[in-house]
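The values are calculated or read from the model by the stated rules, or taken from the named source; none is laboratory data. This structure is a prediction, so every number in the text was calculated from the model and none was measured. Glycine also receives a Cβ, built like all others from the backbone with ideal geometry; neighbour counts cover every protein chain displayed. SASA here: full protein model, heavy atoms, side chains in, ligands and nucleic acids out. Shrake-Rupley method; radii C 1.70, N 1.55, O 1.52, S 1.80 Å.
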Amino acid sequence: MDAKVDIKQYMTQLGRQARQASRAMARAGTSQKNTALEAIAAALEAGQDALLAANREDMQAGRDKGLDAALLDRLELNAERIAAMAEGLRQIAALPDPVGEISEMAYRPSGIEVGKMRVPLGVIGIIYESRPNVTADAAALCLKSGNAAILRGGSEAEHSNQAIAACIRQGLQQAGLPDEAVQVIEMTDRAAVGELITMPEFVDVIVPRGGKGLIERITADSRVPVIKHLHGVCHVYIDERADVDKAVAVAFNAKTQRYGTCNTMETLLVHKAIAGQVLPQLGRLYQEEGVELRGCEATRAILKEAIAATEEDWDTEYLAPILSIRIVEDLDAAIEHIHAHGSGHTESILSQDIGRARRFLSEVDASSVMVNASTRFADGFEYGLGAEIGISTDKIHARGPVGLHGLTSQKYIVIGDGHIRK
């Protein structure tokens with residue numbers, strides 16, 4: 001894009017177009033929206049070579065800039081990830097359309113009938129870093145939920161995002177929906193983000209996806225409501241009544257299945273009565289994977305390879321092959337540690353004791369709480385949402401993986417037959 005273009009003018013134009021498109025999206029029927037999603041999926045598959053070529057440009061530029069391994073992993077597209085994007089679109093197309101759902105209809109003493117109807121939010125601005133697959137996921141969820149979207153991907157994924165945007169436009173056109181229903185900002189200047197988050201007349205909700213610094217900035221500066229989570233300091237607690245084999249498998253998976261994600265375990269908590277059984281096994285497995293271990297004094301007495309953990313470690317989202325380990329007295333101590341250091345994202349207990357599991361589910365304050373399962377399942381795709389626009393650790397409106405329902409609201413509807421209030 002021409003660098004001389006006025007950023008405010010450009011963003012205002014995008015905002016106006018999005019607001020206009022949002023009205024068309026609110027009118028769109030389920031069949032039309034599903035046609036668009038299926039067409040976008042087909043375009044992604046047919047355009048695989050072009051997508052991979054665009055991504056190679058971004059990957060080379062990323063390596064030249066010295067991006068670390070975790071960021072490069074987020075940035076990379078391959079045939080498998082493109083297929084996953086297309087599958088995500090088709091899964092969303094197959095989901096029930098929440099728009100227009102009517103619930104809680106009831107007659108009042110006055111004779112009127114009162115209920116709620118689910119409606120789109122309007123225009124959603126999504127700001128994200130690195131992962132180009134977010135472009136397809138976010139567009140799909142916004143489309144199915146009847147919203148218009150303005151997407152601002154990271155500059156490191158510029159070519160990949162524009163290639164995906166071309167597929168999205170193709171699908172919208174095939175379904176007879178406005179191109180402006182999904183607009184990917186072509187400017188890499190950060191000032192474009194500043195404009196996007198201060199246009200409440202055009203944008204109804206902002207969803208930031210990225211590092212803690214980005215989300216803190218957006219939250220502090222935005223004049224538009226924000227759906228967010230700051231970071232993912234996720235815990236797995238191995239209770240003394242855990243099945244050892246299952247505990248080892250889950251704790252290993254929660255850390256090593258993928259390092260650079262917000263639902264990866266960053267701290268392992270182990271009941272003192274079972275630590276001598278599980279930690280030597282886990283220590284060997286983590287060492288084979290090259291995971292650096294940082295432990296409390298009791299942990300280091302069992303795992304000689306572990307270095308001393310600092311207070312800062314308990315609050316750190318590593319997004320890397322590093323794991324903090326703490327041996328705790330009991331379930332109460334584990335919950336206390338999570339309340340002190342958790343980020344409200346995802347927490348898991350490994351225990352065969354149903355009473356302790358229920359306590360953990362009830363008392364741990366997080367957007368996802370699990371029993372005998374890897375934290376890596378905290379994901380819209382795994383939850384059957386088809387894809388997610390992000391994870392919310394807020395306590396209002398949407399919490400946890402934000403799918404279709406999280407991108408809609410409800411309005412009251414009243415049905416009468418000439419009723420007047422007396």
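On a 0 to 90 degree scale, rounded to 10, what angle separates helix 30-46 from the longest Cα axis of the chain? In the chain, helix 30-46 runs at an angle near 60 degrees to the longest axis. Summarising the label geometry, the points placed 7 Å from Cα in the beta-carbon direction at Asn372 and Asp64 lie 5.3 nm from one another. Where both bridge residues fall in segment 101-250, DSSP classifies roughly 20% of the beta bridges as antiparallel. Note: relative contact order over the chain, using C-alpha pairs below 8 Å and six or more positions apart, is 19 percent. Put a dot 7 Å past the Cα of Ala83, heading toward its Cβ, do the same for Thr12, and the two dots end up 4.8 nm apart.
What is the gain in length, in nm to one decimal, between Asp245 and Ala53 on full extension, counting 0.36 nm per residue of separation less the C-alpha to C-alpha distance? Please list the in-between numbers first.
On the way: separation 192, 0.36 × 192 = 69.12 nm, distance 4.37 nm.
Using 0.36 nm per residue and subtracting the Cα-Cα distance, I get 64.8 nm.
Between His397, His405, His229, the Gaussian network model of the chain with springs among Cα atoms under 10 angstrom shows the greatest mean-square fluctuation at His397. Placing R0 at 56 angstrom, the Cβ-Cβ distance between Lys304 and Glu113 gives a FRET efficiency of 0.20 after rounding to 0.05.
Report, ordered by chain and residue number, the lysines lying within cross-link reach of Lys255, taken as a straight Cα distance under 18 Å and ignoring same-chain residues fewer than 8 apart. Of all the lysines, those that pass the test against Lys255 - Cα under 18 Å, at least 8 places apart if same chain - are Lys246. Once the Cα atoms of helix 7-27 and of the chain are each reduced to a long axis, what angle between those two axes, in degrees from 0 to 90 to the nearest 10, is obtained? Approximately 80 degrees, to the nearest 10. Once the Cα-Cα distance is subtracted from the 0.36 nm per residue extended length, the Glu312 to Ser31 segment shows a gain of 96.0 nm. With everything on Cα atoms, drop me the angle between helix 48-65 and the longest principal axis of the chain, reported from 0 to 90° to the nearest 10. Tilt of helix 48-65: around 60 degrees. When the chain is treated as a GNM, springs tying every alpha-carbon pair under 10 Å, which of Glu45, Glu240, Glu288 comes out with the largest mean-square fluctuation? Fluctuation is largest for Glu288.
With charges only on Cβ, +1 for K and R and -1 for D and E, what is the dipole size of the chain about its Cα centre, in debye, rounded to 20?
Details: 45 positive and 58 negative charges, 285 e Å.
That gives the chain a dipole magnitude of about 1360 debye.
For Ile415, the shell of other residues with beta-carbons less than 14 Å away shows a net charge of 0, using +1 for Lys and Arg and -1 for Asp and Glu. With both labels modelled 7 Å from their Cα along Cα-to-Cβ, the Glu289 to Ala220 distance reads 3.5 nm.
Where does the charge balance sit around Ala148 when Lys and Arg score +1, Asp and Glu -1, over other residues with C-beta under 13 Å from its C-beta? Within the 13 Å Cβ shell, the charges total +3. Rolling a 1.4 angstrom probe over the protein heavy atoms with all chains in place gives segment 64-177 an accessible area of 38 Å² per residue.
Straight-line reach from Lys395: taking Cα to Cα under 16 Å and skipping same-chain neighbours fewer than 8 places apart, the lysines in range are Lys228. Among Met370, Ser351, Tyr383, flag the residue with its Cα farthest along the positive direction of the charge dipole of segment 342-386, charges on Cβ as +1 for Lys/Arg and -1 for Asp/Glu. Towards the positive end, the residue furthest out is Ser351. In the chain, helical runs assigned H by DSSP with n ≥ 4 each contribute -39500 (n - 2.57); averaged across all residues and rounded to the nearest 500, the mean residue ellipticity at 222 nm is -13500 deg cm²/dmol.
Who wins for biggest fluctuation among Tyr259, Tyr107, Tyr128 in a Gaussian network model of the chain, springs between alpha carbons below 10 Å? Result: Tyr107 has the largest fluctuation of those listed.
So how much slack lies between Thr188 and His405, counting 0.36 nm per residue of separation and subtracting their Cα-Cα distance, in nm? Can you show the working numbers first?
On the way: separation 217, 0.36 × 217 = 78.12 nm, distance 3.07 nm.
Between Thr188 and His405, full extension yields an extra 75.0 nm.
Between Asp330 and Asp365, what FRET efficiency comes out of the Förster formula 1/(1 + (r/R0)^6) with R0 = 22 Å and r the beta carbon distance, rounded to 0.05? Step by step, r from the Cβ atoms, then E = 0.70.
Annotation: the antiparallel percentage among DSSP beta bridges lying fully within the chain is about 25.
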